[in-house]
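Colleague: Questions regarding the structure given below will be posed in turn.
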Amino acid sequence: MKAVVTVTGTDRKGIIAQVSSFLCAKNINILDISQTILGDQFAMIMMVDASECTEDLASVAAAAAEMGRDIGMSVRVQHEDIFNAMHRV
Amino acid sequence: MFNSTEVIETIDMIEKEHLDIRTVTMGISLLSCIRGDAEQTARAVYDHVVRRAEQLVPTAEQLSREYGIPIVNKRVSVTPVSLITAAFPEESPLVARALDRAADLLGIDFLGGYSALVHKATAEYEARFLSTVPEALATTEKLCSSVNVGSSRSGINMDAVKRVGELVKETAQLTPEGIGCAKFVAFCNAVEDNPFMAGAFHGVGEADCVINVGVSGPGVVQHALSFVPEADLTEAAELIKRTAFKITRAGQLVAKEAARRLGVPFGVVDLSLAPTPARGDSVAHILEELGLETVGGHGTTAALAMLNDAVKKGGVMASSRVGGLSGAFIPVSEDIGMIEAAEKGAITFDKLEAMTCVCSVGLDMIAIPGDTPASTISAILADEAAIGMVNNKTTAVRVIPAPGKKVGDTVNFGGLLGRAPVMPVHTGSAEKFISRGGILPAPIHSFKN
């Protein structure tokens, strides 16, 4: 099952490192990353494969949001279907 | 891979523009719960609802976390209770309280279906059932009640219209600030698969158990329109359609997945724009975004007609099954734009009535003076039912004659129900007209066979 990870907030060092380590610890594989900086605003979108993750996506999402709070960023993990539904016919 | 614009658009819709799934509503048939007496029936109803809906709240919460989209309410609708208690109608409040206890245990927000369908005539058991509505609403927290008093096919049951006026007054007296009236609605052309309250009930033509989902997102539509201030109305309608499509697709996804996980059939997506009192979640503000200085002014009905139609057209493409009420709601107390327009006198009762000719339902969540006679409330309902009957659409009345309140006072309901300035109603008496009773005949164009 694939999910979309989005990370937004004020740019600082180590964001990608933190998020990647978090995903690796959950056995989630990163398939694609796009990242931009606008002014001092950091925005990253990742497509990930969570099929080997043993936790359900809802608890991964909750843990990711908490990890985001620790580093002062908004981190969301959402099932890809919500984006498929809204943007693909 | 999605492009970043698409991903950010969805996240902004949810986080900044109040896109949400307003409700996942499980419809449950109670026909198998009829027993020999009221106590046994109430027990069977309680057991059945608790068993069927046991996983509703945890499943909806799980889906909300996985998709990252709020699911604001979890609700249950049941078979009109008047049918379940037909052999002992006076004791129907026992079933009402059993349903309320079940709702409490399940952690759902509302339970609808303390209802009677009397559009052609009021059977004796229904008349006795209707008399229990004020007590049922006064002794429960989450229970909602509705009555269907007319249809395009059968005409309007004016005896029932008269009775509803009295019931609204009684309910207002029995509940603080008249809040019981916020959980009671009278319809013409009620639909059997509506997931929205207070009018949700599970029709007898429905499956045993079904999942209906109501989507929302007036803020998303307003936001989209704010980027095209110079667009003509054809282009604006197209934009609303596209936006409604995306909103409804999210609802369809949640509805199908909730139904699959709960092991019950998917019913319908109700593609309504349902406002909340939060700023940025207002249908009135969409109309103002289209170019009206204030909602309630001339042009409001035309703007609402366009909005309602565009929402339906966009939504129908997005879902395999649409139903319920589907369109734009205009509840006064639940929409910050409406509240503000009512406070400054920009929107009147008569303009609201005109708007109900083209919106999805009717006169909704309007506080009126506490001393409004029952016959005037009945006459308000008669007018509204006539609009529904002649135009083949659902119309409804949910007014609150707030005890002790006068024009200019405000009634606070709290939460999603919001607050309402007390609006003036016409004082010319309809007593004689309403006391005539009988059936207002169906229009000639109802005979389509």
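The values are calculated or read from the model by the stated rules, or taken from the named source; none is laboratory data. In this text, all values refer to a predicted model and were calculated from it rather than measured experimentally. In this analysis, Cβ positions are derived from the backbone assuming ideal geometry, glycine residues included, and neighbour counts consider all displayed protein chains. Each accessible area value is taken on the protein alone, full model and side chains, heavy atoms only, with ligands, DNA and RNA left out. Shrake-Rupley method; radii C 1.70, N 1.55, O 1.52, S 1.80 Å.
Colleague: How compact is region A:32-89 by the rule of thumb for globular proteins, expressed as Cα Rg over 2.2 N^0.38 Å? The partial results should precede the final answer.
Modeller: On the way: Rg = 13.1 Å, N = 58, 2.2 N^0.38 = 10.3 Å.
Against the empirical 2.2 N^0.38 Å value, I get 1.27 for region A:32-89.
Colleague: Further, regarding this structure: Based only on Cα atoms, what Rg/Rh ratio does region B:27-188 have, Rh being taken as Kirkwood's radius? Each step should come with its number before you reach the end.
Modeller: Working: Rg = 16.2 Å, Rh = 16.2 Å.
So for region B:27-188, dividing Rg by the Kirkwood Rh gives 1.00.
Colleague: Let me ask something else about it. Which of B:Arg65, B:Arg22, B:Arg52 ends up with the largest GNM mean-square fluctuation for chain B, with Cα atoms connected below 10 Å?
Modeller: Residue with maximal mean-square fluctuation among B:Arg65, B:Arg22, B:Arg52: B:Arg65.
Colleague: Kindly sort B:Arg163, B:Arg128, B:Arg321 by accessible area of their heavy atoms, largest first, with the probe set to 1.4 Å.
Modeller: Final ranking, largest accessible area leading: B:Arg321, B:Arg128, B:Arg163.
Colleague: Taking the dipole about the Cα centre of region B:324-449, with the C-beta of Lys and Arg at +1 and of Asp and Glu at -1, give me whichever of B:Val390, B:Gly324, B:Pro403 is farthest to the positive side.
Modeller: Ranked along the dipole, the leading option is B:Val390.
Colleague: Not counting the cut sites, what is the longest span of chain A without trypsin sites (Lys or Arg not before Pro) that DSSP labels loop and that have at most 15 other Cβ atoms within 10 Å?
Modeller: Numbers: sites that count: A:Arg12, A:Lys13, A:Arg88.
It works out to A:14-87.
Colleague: Oh, and also: Checking buried surface per residue: for region B:241-257, which residues lose a minimum of 40 Å² accessible area in the protein assembly relative to the chain alone (1.4 Å probe)?
Modeller: So the qualifying set is B:Lys246, B:Arg249, B:Leu253.
Colleague: Between the chain alone and the structure with every protein chain in place, find the residues of region B:1-48 that drop at least 20 Å² of accessible area; heavy atoms, 1.4 Å probe.
Modeller: The answer is B:Met1, B:Phe2, B:Ser4, B:Glu6, B:Val7, B:Ile8, B:Thr10, B:Ile11, B:Glu15.
Colleague: Something else: Between B:Ile439 and residues 5 or more places away or on another chain, which pairs have amide H atoms under 5 Å apart, with H built 1.01 Å from N, and which residues are they?
Modeller: When sequence neighbours closer than 5 places are left aside, the close amide H contacts are B:Met158.
Colleague: Kindly compute the accessible surface that chains A and B hide from a 1.4 Å probe when together, both sides summed, and give it to the nearest 100 Å². Show your work: numbers first, answer last.
Modeller: Numbers: alone 5490 and 17420 Å², together 20580 Å².
Answer for the A-B pair: about 2300 Å² buried.
Colleague: Under 8 Å for C-alpha pairs, at least 6 residues apart: give me the relative contact order for chain B, rounded to a whole percent. Display every interim value, and only then the final one.
Modeller: Numbers: 1088 pairs, mean separation 77.9, N = 449.
About 17 percent, as a whole number.
Colleague: Any idea what log10 I(q)/I(0) is at q = 0.05, 0.12 Å⁻¹ for the protein assembly as shown, Debye with uniform C-alpha scatterers and no solvent?
Modeller: Ignoring solvent entirely, the Cα scatterers give -0.21, -1.11.
Colleague: What does the highest-first list of B:441-449, B:235-243 look like by mean Cβ count within 10 Å?
Modeller: Values: B:441-449: 10.3, B:235-243: 18.7.
Averaged packing, sorted descending, gives the order B:235-243, B:441-449.
Colleague: Let me ask you something else. With every protein chain present, what is the per residue accessible area of region A:2-87 (1.4 Å probe, Å²)?
Modeller: Working: 3990 Å² over 86 residues.
I get 46 Å² per residue for this part.
Colleague: Report ³J(HN,Hα) in whole Hz for each residue of region B:422-437, in order, from the Karplus equation J = 6.51 cos²θ - 1.76 cosθ + 1.60 where θ = phi - 60°; Gly and Pro get x.
Modeller: Taking θ as phi minus 60°, the curve returns 5, 9, x, 10, 5, 9, x, 6, 10, 3, 5, 4, 5, 5, 5, x Hz for region B:422-437.
Colleague: Among B:259-266, B:103-110, how do they line up from the highest to the lowest mean number of other beta-carbon atoms within 10 Å? It would help to have the intermediate numbers written out before the result.
Modeller: Numbers: B:259-266: 16.6, B:103-110: 18.6.
So the order, starting with the most tightly packed, is B:103-110, B:259-266.
Colleague: Which whole number gives the average, over all residues in A:27-35, of C-beta atoms from other chains lying within 10 Å of the residue C-beta?
Modeller: On the way: counts 0, 0, 0, 0, 1, 2, 1, 5, 1.
Shielding by partners across A:27-35 averages 1.
Colleague: Could you give the length gained on full extension between B:Asp409 and B:Glu141, defined as 0.36 nm per residue of separation minus the Cα-Cα distance, in nm?
Modeller: Values: separation 268, 0.36 × 268 = 96.48 nm, distance 2.49 nm.
Computed gain between B:Asp409 and B:Glu141 is 94.0 nm.
Colleague: If I take R0 = 41 Å and measure r between the Cβ atoms of A:Ser21 and B:Arg51 in this structure, what FRET efficiency does the formula 1/(1 + (r/R0)^6) give, to the nearest 0.05? Let's see the in-between values first.
Modeller: Values: r = 44 Å, r/R0 = 1.09.
FRET efficiency, A:Ser21 to B:Arg51: 0.40.
Colleague: Related question: For region B:110-179, count all C-alpha to C-alpha pairs, find those more than 16 Å apart, and express that count as a whole percent of the total. Could the numbers behind the result be given before it?
Modeller: Values: 1130 of 2415 pairs.
Percentage above 16 Å: 47.
Colleague: Using the Karplus curve 6.51 cos²θ - 1.76 cosθ + 1.60 with θ = phi - 60°, work out ³J(HN,Hα) for each residue of region A:37-43 in order, rounded to whole Hz, and write x for Gly and Pro.
Modeller: Each residue's phi maps through the Karplus curve to give 10, 10, x, 9, 8, 9, 9 Hz.
Colleague: In whole Hz and in residue order, list the ³J(HN,Hα) couplings for region B:327-336 that follow from phi through the Karplus curve 6.51 cos²θ - 1.76 cosθ + 1.60, θ = phi - 60°; x for Gly and Pro.
Modeller: x, 10, 8, 10, x, 5, 6, 9, 9, 4
Colleague: In nanometres, what is the gap between the two model label sites at A:Ile30 and A:Ala62, each 7 Å from Cα along Cα-to-Cβ?
Modeller: 2.6
Colleague: Further question: For B:Gly362, enumerate residues with amide H under 5 Å from its amide H, sequence gap 5+ or separate chain, H modeled in the peptide plane.
Modeller: Answer set, sorted by chain and number: B:Ile330, B:Ala396.
Colleague: Based on a Kirkwood Rh over C-alpha pairs, give the Stokes-Einstein translational diffusion coefficient of chain B at 20 °C and viscosity 1.002 mPa s in µm²/s. Could the numbers behind the result be given before it?
Modeller: Values: Rh = 21.8 Å.
Diffusion coefficient, whole number: 98 µm²/s.
Colleague: Looking at region B:87-165, which GluC sites (Glu not before Pro) are DSSP coil and have at most 13 other C-beta atoms within 10 Å of their C-beta?
Modeller: B:Glu141
Colleague: Separate question: Could you sort out which of B:Lys183/B:Lys312; B:Lys256/B:Lys448; B:Lys162/B:Lys241 sit more than 29 Å apart by Cα distance in this structure? Kindly include the intermediate steps, with their values, before the conclusion.
Modeller: Numbers: B:Lys183/B:Lys312 26 Å; B:Lys256/B:Lys448 35 Å; B:Lys162/B:Lys241 40 Å.
Pairs exceeding 29 Å: B:Lys256/B:Lys448; B:Lys162/B:Lys241.
Colleague: Shifting gears a bit: Between B:Ile34 and B:Ser446, what is the label-to-label distance in nm when each label sits 7 Å out along the Cα-to-Cβ direction?
Modeller: Rounded to a tenth, the inter-label distance reads 2.5 nm.
Colleague: Can you compute the FRET efficiency between A:Asp70 and B:Ser435 using 1/(1 + (r/R0)^6), with r the Cβ-Cβ distance and R0 = 41 Å? Round to the nearest 0.05.
Modeller: Working: r = 69 Å, r/R0 = 1.69.
In this case the efficiency is close to 0.05.
Colleague: For chain B, modelled as a Gaussian network with Cα springs under 10 Å, which listed residue fluctuates most, B:Ser154, B:Ser29, B:Ser216?
Modeller: B:Ser154
Colleague: Also: Comparing the chain by itself with all protein chains present, which residues of region B:57-71 are at least 30 Å² less accessible (probe 1.4 Å)?
Modeller: The answer is B:Gln62, B:Arg65, B:Glu66, B:Tyr67.
Colleague: Solvent-accessible area of A:Glu52, probe 1.4 Å, all protein chains present, reported in Å² to the nearest ten, please.
Modeller: Here the accessible area works out near 130 Å².
Colleague: May I ask you to list the lysines whose Cα is less than 16 Å away from that of B:Lys406, ignoring any residue fewer than eight positions away on the same chain?
Modeller: B:Lys169, B:Lys344
Colleague: Share of region A:2-87's accessible area from carbon and sulfur, percent, 1.4 Å?
Modeller: About 48 percent, which is the carbon plus sulfur part of the accessible surface.
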